[in-house]
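No lab work stands behind these numbers, since they all come straight from the coordinates. Only a predicted model underlies this, so the values are computations on that prediction, with no experimental measurement involved. Here the Cβ is made from the backbone with ideal geometry for all residues, glycine too, and neighbour counts use every protein chain on show.
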Amino acid sequence: MPGLACDALEAGLDGPSIRRLASVINPSGWETDQILPKFMAEAGLKQISRAEASMRIARDLARRILLQKLDPLNFTQDFERLWIDADYPEGLQEAGCLDDQKAIAEYVGQTEAELREYVHGVLCALAAEQDPS
């Protein structure tokens with residue numbers, strides 16, 4: 001956390017809590033808990049849920065995969081991990097189950113090209129979602 005506060009100062013953000021957090025060395029959890037809400041307010045940050053954070057990361061990952069024309073089949077476990085770590089949010093379910101779809105596709109005789117097209121479609125839909133403001 002002190003490193004984050006130093007980064008905030010270097011970026012031009014300033015305030016008593018930002019300075020205080022930047023000055024502590026190896027703060028305890030109690031110290032961080034006392035400073036963090038004021039730090040976030042001074043830095044203009046708001047707290048979001050784990051599910052919302054996972055959705056944002058998943059959308060960004062989907063956009064990067066599509067933009068860089070990467071093989072989407074190489075990232076199915078990344079989406080699964082995001083879905084699980086966020087406690088299975090509904091909005092991430094289809095992308096979160098893509099790794100399972102690989103096994104199902106193999107079982108039903110779907111070709112890798114067909115599976116890749118399906119995964120690409122899921123990522124396109126995810127990438128097209130707008131981030132809430």
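Could you look through segment 27-48, keep only residues that are assigned to a loop (DSSP other than H, G, I, E, B) and free of Cβ contacts under 8 Å to residues at least 12 places away in the same chain, and pick out the one that is nearest to residue 7 (Cα to Cα)? Reasoning before the result, please.
Restricting attention to segment 27-48, the residues satisfying the condition of being assigned to a loop (DSSP other than H, G, I, E, B) are 27-28, 44-48.
Within this subset, residues satisfying the condition of being free of Cβ contacts under 8 Å to residues at least 12 places away in the same chain are 28, 45-48.
On the way: 28: 20, 45: 14, 46: 17, 47: 19, 48: 21 Å.
For segment 27-48, the residue satisfying everything is 45.
For residues in segment 1-19 being among the hydrophobic types (A, V, I, L, M, F, W, C), out of contact with any Ser or Thr (no Cβ under 9 Å at 6 or more places or on another chain) and in contact (Cβ under 8 Å) with a residue 24 or more places away in the chain, which is farthest from residue 36 (Cα to Cα)?
Here the answer is 13.
Only one of the numbered conditions (1) on the phi < 0 side of the Ramachandran plot; (2) under 14 Å from the mean Cα position of the chain (by Cα); (3) part of a loop (DSSP other than H, G, I, E, B) is not met by residue 64, and that is (3).
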